[in-house]
Amino acid sequence: MSKTVEHHRIAPQPDALATTVVTSWKAPIAFAIFTLIALALAVFAPRPGETTFRWSRESDAIQVPDLTVPVMQALWAVVALLAVSTLYSVLLVRSKRRVPLWLVVVFAILFMFGFLTWAGAGASLPMIGLLFGSLSLAVPLIYGSLAGVIGERAGVVNIAIEAQLLSGAFTGAVVASVVNTSTGQQWFALIAGTIAAMVSGMLVGMVLAAFAIKYFVDQVIVGVVLNVLVVGLTSFFFSQVLAPNAAAMNTPPRFDRLHIPVLGDIPIIGPVFFQQTIIVYLMYAAVALVYIGLFHTRWGLRVRAVGEHPQAADTVGIKVNRTRFWNVALAGAIAGLGGTFFTIGSGIAFNKEMTAGAGFIALAAVIFGQWDPIKATLAALLFGFASNLQNTLSVIGSPVPSEFMLMLPYVVTIFAVAGLVGKSRAPAADGKPYIKS
Amino acid sequence: MSDPQPPKGDAPGANEPDADVAIEEPAAASPEGGTAADDARATASGPGQPAEPADVPPPSKWQNMLREIATGNAIISVLAVVLALIVGAIMIAFTDERVQQTSVYFFARPGDTFVAIWESVGGAYSALFQGAVYNFRRDTFLAGIRPLTETLTFATPLIAGGLGVALAFRVGMFNIGGRGQMLIAASVAGWIGFGFDLPWGIHMIVALIGGLVGGALWAGIAGLLKARTGAHEVIVTIMLNYVAFYLVSWMLRTEGLLQAPGSSNPKTPAMNPNAIFPDLLGPQFNLHFGFILAILATIVVWWILSRSSLGFKFRAVGINPNAARVAGINVKGMYFYAMLISGALLGLAGVSQVLGTVTTGFTAGIDAGIGFDAITVALLGRSTPWGTFAAGILFGAFKAGGFAMQAAEGVPIEIVLVVQSLIVLFIAAPPLVRTIFGLPQPGSRPKRSRKADTKGVQAK
């Protein structure tokens, strides 16, 4: 996703210097804004009482004691600490040094702690549920963003992540239901459903690749149209075929949660990360594989070469269009796998347009994550956390309208794209067809 | 040799062989190889860039027409529609219960299956036609022609929105933010429409202008960010869709903003009668003044693009931003202005929804997917004003007929989405259509491929 304008201009040196300076001031400015937000909460919207953070559930083997804090004292302490961090970052930048990542992480955790304390005043926050739900909600986003990263690194913009997730959800549900009712083998049905979902996501990816690479159709157009097409197809078959035969065709079995023996017993981390379904464990593997693959293997080097400078890649003998085609297909399979989360991953029957924009949030995560699998995963986790925080807060009675929490990922992405948070630069040949002479 | 042809570009679709379009689009007869070459350049040089050199003198209509038939774009458009309808027919036939029952004994009595297929597909498509154009089962002409007025009612926001997307295309931008712009425009127009008490006529105009400004400003955010920071408008508009949706949802459930007083539903009160668009053909038809506005908008966009200096700059930026900058055109300003106008047009779509079609108060679903349909309309109309107008009416017919088909034959309305998106996909890839129908591929012209190639490679 890159601008046509920029590509025809050789970036002049002064520009690059200017950007570096601006980048370094971004952190202090962002810090100051968040500190002011926290201060505003403390001054204008004080909330009495205490907040309890629950760190374990009844069923956990090792119990972690609850943390109870008085709201206002904690909030003021957080504001003070945030102000100190902001000042420290200002000093660092003034002495021409970078703001270290740990400071950003500490700042974010402090701010979240302050916000949660304030929002949960007079209630107890189930932290395990909050984090567990965040990870669950992030699963399709992470798969989708991995698909987006691979596609865009190879130079094909994938707006059709939504379509791939939806087709994966649909196919997974139908195939798993049909196999389950006809054979009665639940595990077999689930595996068949998962594979079918990957194949269907791959097919959508192949259509995208075929139109974008063989017929040179604008990739954004194909993506948009594919989204509409898949919504139409799945909704049509849902109304026409699935709804009348719901028992046989749309009652998918679900993946059980697997408790990983030792890791699952670690307090806090265990219940959040290691008592999940196999789709989540596959996701850990997928993130690691895509990261290692992209940056430490011959395959990844080729993918990135094709996406950054196809002509150079072609010169050294890489088949540009073939590489792009198969990587977009692979990306489709990954997104299709992510789609299973909506149906067989959660044991929910397929419904019309059930992905509800997850593919677009995944796209946002790709950009916010700067086309890097690990950062995109973190961005997806952040977005999952934002939407699950909204769920949790609406249960305990949120002082913030839920719509604003739901808006957060999109607003953050706009800021990220506009360059106010970090710098996001697409692979150079992203979205450009390669036409060989 | 493939023949790159994005769905935007020059030749008018078969469903609108309009003289205006031909005049509008001089590139259809550009000297160096016609539409295909232009299209190749457009695809190669970036997303959403329309493809005509502005300095070519307009040739005669006959030349144009002959060239279009020769290069096959009109044929491709017809074939794309036919192909999409065939796929739709296959889907209807396969999911029809009687077809499934008779196919069990297909080899014993194949005739039954064919009859069942004929009945399901023929029934569905005749219901589609009768729901969209003329209902033969009504006694009077007035009752019979009602579906056509429904088609025009459905076409109204599609035309307005399609024009917005098309205009942005011509400046080389992709406005996917139709949904958000429509929602914001509908909210502003609706708020003025029910919250104030102004005399007849003035109220409507104030609400209309408010809505247009709302849509324009919402799109303007994307334009401004693109101009100032280089943020890609596709991403920003997609994100703004969701921001608008949640913002409007929140306002709809907050008393004192948009929620109807004394109600707990996220819905606005009904519009003030003074603000509602008047009916064009009397109260028994739904067709409202919005359709006239859509026609006016088409004329205005046509005028802007082909008769005004602003439109010249727009197209110059769309074809080659660097050349435009060198020529002294304020490229960034053009991005911003184009997004403003595009947003206002999508705003018109939103306003015609709340003041014309759904006047009893609206919810967050008021956009009814029109923001996305508008993209397919603009693509089918190849980004020309009159092409978009015709495409809007075609898709309006699909929509009106789709509802009739769902009611009469039980075929889900979503089939319309499938057919629409397939039409656009097929139009976007002429070689595919030619292969399917066994038409000869146009001979490879070395000049064209080299041109396309240099552009593609430069895109480093």
Next item on the list: Across chain A, how many lysine pairs, 8 or more positions apart or on different chains, have C-alpha atoms separated by under 21 Å? Please give the number.
Entry: 12
Notebook entry, point to check: For chain A, what size does the Cα cloud have along each of its three principal axes, sorted from largest down, in whole Å?
Noted result: 63, 63, 39
Checklist line | Order of B:VAL133, A:VAL230 - criterion: other Cβ atoms within 10 Å of each residue's Cβ, fewest first | finding: B:VAL133, A:VAL230
Item checked: nm² value of the averaged projected area, convex hull over the Cα atoms of region B:145-383 -> 13.0
Item checked: Simple spin-label estimate for A:ALA356 and A:LEU289 in nanometres, 7 Å along Cα-Cβ -> 3.0
Notebook entry, point to check: For A:406-417, what's the mean count of beta carbons from other chains sitting within 10 Å of each residue's beta carbon?
Noted result: 6
Next item on the list: Once you have the Cα-Cα distance between A:THR68 and A:ARG254, take 0.36 nm times their residue separation minus that, and quote the gain in nm to one decimal.
Entry: 63.3 nm
Next item on the list: Let me have the 222 nm mean residue ellipticity of chain A computed from DSSP H runs of 4+ only, each contributing -39500 (n - 2.57), with the sum over all residues rounded to the nearest 500.
Entry: -22000 deg cm²/dmol
Next item on the list: Treat the count of other C-beta atoms within 10 Å as a stand-in for reagent exposure and order A:ILE361, A:ILE268, B:ILE92, A:ILE33 from fewest to most.
Entry: A:ILE33, A:ILE268, B:ILE92, A:ILE361
Next item on the list: Could you please rank A:SER235, A:SER59, B:SER306, placing first whichever residue has the fewest other Cβ atoms within 10 Å of its Cβ?
Entry: A:SER59, B:SER306, A:SER235
Notebook entry, point to check: Can you work out D for region A:299-437 in µm² s⁻¹ from Stokes-Einstein, where Rh is the Kirkwood radius over C-alpha pairs, the temperature is 10 °C and the viscosity is 1.306 mPa s?
Noted result: 91
Check: What share of the DSSP beta bridges in the protein assembly as shown is antiparallel, in percent to the nearest 5?
Finding: 60
Next item on the list: Two decimals is fine: what is log10 I(q)/I(0) at q = 0.05, 0.08, 0.09 Å⁻¹ for the protein assembly as shown, from a Debye sum with one equal scatterer on every Cα and no solvent?
Entry: -0.29, -0.76, -0.98
Item checked: Cα-based convex hull, region A:132-383, per residue volume (Å³, whole number) -> 118
Next item on the list: Could you check the simple spin-label distance between A:MET112 and A:LYS436, using points 7 Å along Cα→Cβ, in nm with one decimal?
Entry: 4.7
Next item on the list: Count, for each residue of A:426-434, the Cβ atoms from other chains sitting within 10 Å of its Cβ, then give me the mean as a whole number.
Entry: 4
Notebook entry, point to check: Given a Förster distance of 41 angstrom, what is the FRET efficiency for A:ILE29 paired with A:ILE374, based on the Cβ-Cβ distance and rounded to 0.05?
Noted result: 0.95
Notebook entry, point to check: Name the residues of region B:328-369 whose amide N is less than 17 Å from a point 7 angstrom out from the Cα of B:LEU281 along the C-beta direction?
Noted result: B:357
Check: Based on the Cβ-Cβ distance of A:TRP76 and B:LEU257, what FRET efficiency does E = 1/(1 + (r/R0)^6) give at R0 = 35 Å, to the nearest 0.05?
Finding: 0.60
Check: Any idea how far apart A:LEU87 and A:PHE188 come out in nm if each label point goes 7 Å out from Cα toward Cβ?
Finding: 7.0
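Bear in mind these aren't lab numbers, they're just calculated from the coordinates by the rules spelled out. On a predicted model such as this, the values are computed, not experimentally measured, just so you know. We place every Cβ from the backbone using ideal geometry, glycine too, and count neighbours over all the protein chains shown.
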